[in-house]
1. From Cα coordinates alone, what are the radius of gyration and Dmax values for segment 220-265 in angstrom?
2. Below 8 Å between Cα atoms, with a sequence gap of 6+, how large is the relative contact order for segment 342-391 in percent?
3. If I take every Cα pair under 8 Å that is 6 or more residues apart in the chain, average their sequence separation and divide by the length, what percent do I get for the relative contact order?
4. For segment 1-56 and segment 418-441, what is the separation of their C-alpha centers, rounded to whole Å?
5. If the chain between residue 396 and residue 419 were fully stretched, how many nm would it gain, using 0.36 nm times the residue separation less the Cα-Cα distance?
6. Give, in nm to one decimal, the length gained when the segment between residue 31 and residue 341 is fully stretched (0.36 nm per residue of separation minus the Cα-Cα distance).
7. Can you compute the radius of gyration and Dmax for segment 297-441, using only the Cα atoms, both in Å?
8. If r is the Cβ-Cβ distance from residue 46 to residue 278 and R0 is 41 Å, what FRET efficiency results, to the nearest 0.05?
Amino acid sequence: MSKVFIGQIFNPQSFDNFDEFIDGFIIVTDDGKIKAYGNDSKKWKENVDANEPVEIIKLSKTQFLMPGFVDCHIHGPQFPQIGLGLDLPLLGWLNKYTFPLESKYNDEVFAAKVYEKVVNTTIRNGTTFASYFGSNHTNGTIILAKEAVKQGQRALVGKVCSNQNCPAFYIENTDESISETEKFIKQITELKNELVKPIITPRFAVSCSMDLMKSLAEIAKSKNLHIQSHISENLDEIKFVKELFGEKTYSEVYDEAGLMTDKTIMAHAVHLEDSELNLFVKNKTSIAHCPSSNNNLGSGRCNVQRLLSKGIKVGLGTDVSGGNSPSILNEILRAMEVSHHIAFNDSKHKVINFKNAIYLATLAGAEALAMDNVTGNFKVGKDFDALLIDIDILPIVNIEIPREETPSPEANFIEMIQKFIYTGDDRNIIKVFVKGNNIKK
Ligand code: GUN
Ligand code: FE
């Protein structure tokens, strides 16, 4: 039976264009697709046959619908150390904390225990679509993919590839990395789940030889797969890449390997040179902005407006556990803060506001992952990937402002959205829909 949602709807169309319906409707078919959408709830009936049975879901005055959060960059195996070990910059952090932890995912019992929580936690926080890094292990990472399938989340899942500059207990040789990647893709494809797909995942240029990166790019090309990696996150890392690959820029290294495609997303991109931006534009390659992680590891301030002004697609990533929260809401706040900080030194910088940031957290993420034909916002023909927000129980006391005039319904709705963004949390996300199914338990 189709569902008809009636009530307040916030729907980003672009960085600075939003539908803000105070009495809108969305009709969702049995198979989870948006059949009709509009700003006047009285018109929903025009979009179904007179005798077609429908379930009507009328939102309360404190509720609204918005598109689901897209996490463009998150490391599943790093969840056990979330909030820990953020006292070192990137390369030290990887060696001291992250590689030792990730190496433990050859234990499939441990992997299953962690990944059940990873998917459950991201869903609880409103992530309808995530691009996951697993570990080097094929079987362990398959467990992560199966968990996304089981819990109904939309996901890209990557077996991480690394064949150099990693400790002996957590490194592959080139042939192994390639054959295990092929095995991984085959196994995910055999799951035959339309929501969960493999993504080619060279960890970063420091830990991958040019040979390996070229082979991985070939696999991605031949199977038309997504690619994810890290780029230009930390100054020592960039120096290391220059030492390893000659005086090329970081982006030139990936471009030479064939890894910069229109289905590639690179995380961080904090310190890109101008010439590198041109390579992103030419290749239509996207960027995952991970402000919490960049702050925690002291990596630097990524200027998102600089990237957007070139037409580069940018989504948000929690980058757990460089990032200290599994919630994209947290990235929304950090993205605005970083933008404010950039403006301290650059009066021409246009500060990212909460609506811009919601776009980055939803539709822009889907665009950056080249999946905006299916998800990211509400549009007829797309899947219904949505959050039902209720600000009735705000975690921070909701005290009415005494004012002469009560705000208009339109202004009141925008205030609700602001309260959710600035003071809300997972408790306000009462339902999480992927392809029409509520997957929040
Ligand atoms: N660069 C290479 N690996 C990683 C990782 O796990 N996290 C972050 N933030 N950067 C990386
Ligand atoms: Fe990362």
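The values are calculated or read from the model by the stated rules, or taken from the named source; none is laboratory data. For clarity, every value in this text was computed on a predicted model and none was experimentally measured. Cβ atoms come from the backbone with ideal geometry, glycine included; neighbour counts cover every protein chain shown. Heavy atoms of the whole protein, side chains included, go into the accessibility calculation; ligands, DNA and RNA do not. Shrake-Rupley method; radii C 1.70, N 1.55, O 1.52, S 1.80 Å.
1. When restricted to the Cα atoms of segment 220-265, Rg and Dmax are 11.7, 34 Å.
2. Working: 27 pairs, mean separation 9.3, N = 50.
The value is 19 percent.
3. Details: 978 pairs, mean separation 89.0, N = 441.
Over the chain, the number comes to 20 percent.
4. After rounding, the separation between the Cα centres reads 18 Å.
5. Working: separation 23, 0.36 × 23 = 8.28 nm, distance 0.92 nm.
The span from residue 396 to residue 419 would gain 7.4 nm if fully extended.
6. Working: separation 310, 0.36 × 310 = 111.60 nm, distance 4.45 nm.
Stretched fully, the residue 31-residue 341 segment lengthens by 107.2 nm.
7. Radius of gyration, then largest Cα-Cα span, for segment 297-441: 16.8, 48 Å.
8. Working: r = 48 Å, r/R0 = 1.18.
Once the sixth-power term is evaluated, E becomes 0.25.
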